[in-house]
Amino acid sequence: MQDTLSGGLRPKIIAIVVLLIVQCLSGLYFSLILIAELLAPGHPVIVSGISIFTGFAAGVALVVALASPVIAWGLWTLKPWARQRCTLLELLSLGIGAFELLEPRLVSSIAPITCLVIAALILVVLYVGPDVRALSHA
């Protein structure tokens, strides 16, 4: 296992950990903006149409953002559960990013596109290359 870590596996883990930290920071920023907009004075909490899911999307985005450092720590310390949890987290993040693209009240689509790009990059780094099997058994 030490040969694998000194070879190509450690740079992949570093790249994934950095991307997870960026995902955490951007997710906190964007989800807290959505929650603040939802709870702002003068805005009804109960809305109609697709906007009714704004609170749910903001809550899930906040959970993804808070779970990212835990997954990053698990990958950094080579915990056996980290790879599967990272995959689940990124699939959830892709779903939330795709859903947020449909949100009509967003001023810009930078937040969901950033979420989608970061999640896609993490999945690509996680699953592409000859070290994939070594990472799952680390």
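Read-outs: derived from the displayed coordinates by stated rules, not from any lab. In this text, all values refer to a predicted model and were calculated from it rather than measured experimentally. So basically every Cβ, Gly included, is an ideal-geometry build from the backbone, and we count neighbours across all protein chains shown.
Extension gain, ILE110-THR87: 0.36 nm per intervening residue step, less the Cα-Cα distance, totals 6.0 nm. If you plug the beta carbon distance of ILE14 and ALA120 into 1/(1 + (r/R0)^6) with R0 = 30 Å, you get a FRET efficiency near 0.95. Given their separation in residues at 0.36 nm each and the Cα-Cα distance between them, LEU39 and VAL63 gain 6.8 nm when the chain is fully extended. Report the paramagnetic label zone for TYR127: residues of region 58-94 whose backbone N is under 15 Å from a point 7 Å from Cα along the Cα-to-Cβ axis. Residues 83-94 fall inside that zone.
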